[in-house]
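Asks: Here it is, the structure, as structure tokens.
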Amino acid sequence: MSQVSRPLSPHLQVYRWQISNTLSILHRLTGTALALGGFALVAWLLALASGQAAFTVANALLGSLVGQLALLGWTFCFFYHLCNGVRHLAWDAGHGFDKALARKSGIAVVTGAVLLTVIFWAVALTRVAA
Amino acid sequence: MSLKSPLGRVLGLGSAGTGTEHWIGQRLSAVAMVPLTLWFAISLLTLPSLDFYSVTAWVAAPLHAVLLILLVVALSYHASLGTQVVAEDYLHAPGLRITVLTVLRLLHVGLAVAGIFAVFLVATRAPL
């Protein structure tokens, strides 16, 4: 098969950056990060299954600065991917394709993800402090 | 009747003729995970403590164990399909591409099996 190096879609060199493509890229990035988070979740469950010593180590790792930052990142990725995923399901059903509406739902998704992340961590930290 | 040219058919070009199942599977697992992940997130926040005994007791409750297994299965399947698409879109070197796709699929099968087994172990070991 002859290989010709033609420019590939989406033609980034002529593409104007906008909210919709940024959010689309973010959906893939957060999804990939969440796949890693899935491995962390199962590792946590395996630690629990392995016994008290292993589970204490797992919780200590998650409680470290790096662990907490990773959990914060995963929380945002989760809420973003969840909200934007519902937006995608609405599109799949044929709703919300109008340009102005798609822009608005995009802004709503980001706002919702940030708010839910803040609420989740506010509740979590309040419970730790209590 | 095929609209492909004879040359295209021989070279295997054109649509693969499959993919609907991938598309539906991704959405089905997405829909399943909306309630499952929200339940998991809220549970983490409302557990009395995250120490070994509280988490063990929580996981071991039959309803929780079943929901956790469903979550692990839906998550593994969804992540497998999602990372597969990402790899297919961005990796073009044939050797690297097939290697990464193979490793990704096997890792996600392992993820599901490990998750199911871990929940099962915790549930059967914990005193009711």
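None of the figures in this text is laboratory data; all of them are computed from the coordinates on show. Quick caveat, the model's predicted, so the values are computed rather than measured. Quick reminder, even Gly has a Cβ in these numbers, built from the backbone with ideal geometry, and neighbours come from all protein chains shown.
Asks: If I histogram all Cα-Cα distances within chain B using bins 10 Å wide from 0, what percent of pairs lands in each bin?
Replies: 11, 30, 27, 17, 9, 4, 1
Asks: I've got another one for you. Springs between alpha-carbon atoms under 10 Å, Gaussian network over chain B: tell me which of B:71, B:38, B:107 tops the mean-square fluctuations.
Replies: Evaluated over chain B, the most mobile residue of the options is B:38.
Asks: Take chain A, drop everything but the C-alpha atoms, weight them equally and run the Debye formula without solvent; then report log10 I(q)/I(0) at 0.09, 0.12, 0.15, 0.22 Å⁻¹ to two decimals.
Replies: -0.41, -0.65, -0.87, -1.30
Asks: Another question, then. Need the C-alpha centroid separation for the stretch B:72-110 versus the stretch A:44-75, integer Å.
Replies: The stretch B:72-110 and the stretch A:44-75 have Cα centres spaced 25 Å from each other.
Asks: Just grab the label-to-label distance for residue B:96 and residue A:24, each label 7 Å out from Cα along the Cβ direction, in nm (one decimal).
Replies: The answer from the label model is 2.3 nm.
Asks: Where does the protein assembly as shown land on the Kirkwood hydrodynamic radius, alpha-carbon pairs, in angstrom?
Replies: The Cα-based Kirkwood calculation yields 20.8 Å.
Asks: Hey, quick one: spin label on residue B:45, modelled 7 Å out along Cα-Cβ, who in the stretch A:97-118 has an amide N within reach, i.e. under 17 Å?
Replies: Label zone hits: A:111-118.
Asks: Where does the protein assembly as shown land at 222 nm, in deg cm²/dmol rounded to the nearest 500, when only DSSP H runs of n ≥ 4 count, each adding -39500 (n - 2.57), divided by all residues?
Replies: -28000 deg cm²/dmol
Asks: While we're here: Which residues in the stretch B:49-64 have a backbone N closer than 12 Å to a point placed 7 Å from the Cα of residue A:53 along the Cα-to-Cβ line?
Replies: none
Asks: Continuing with the same structure: Could you give the angle, 0 to 90 degrees to the nearest 10, between helix A:19-50's Cα long axis and the longest principal axis of the Cα atoms of chain A?
Replies: Helix A:19-50 sits roughly 30 degrees off the main axis of chain A.
Asks: Right, here's the next one. Of the residues B:66, B:109, B:34, which exhibits the maximal mean-square fluctuation in a Gaussian network model of chain B defined by a 10 Å Cα contact cut-off?
Replies: Result: B:34 has the largest fluctuation of those listed.
Asks: Now, a different point. Counting partner chain Cβ atoms within 10 Å of every residue's Cβ in B:104-112, what's the average?
Replies: That average works out to 2.
Asks: Full-extension gain between residue A:64 and residue A:95, please, as 0.36 nm times their residue separation minus the C-alpha to C-alpha distance.
Replies: Contour length minus the Cα-Cα distance gives 6.8 nm.
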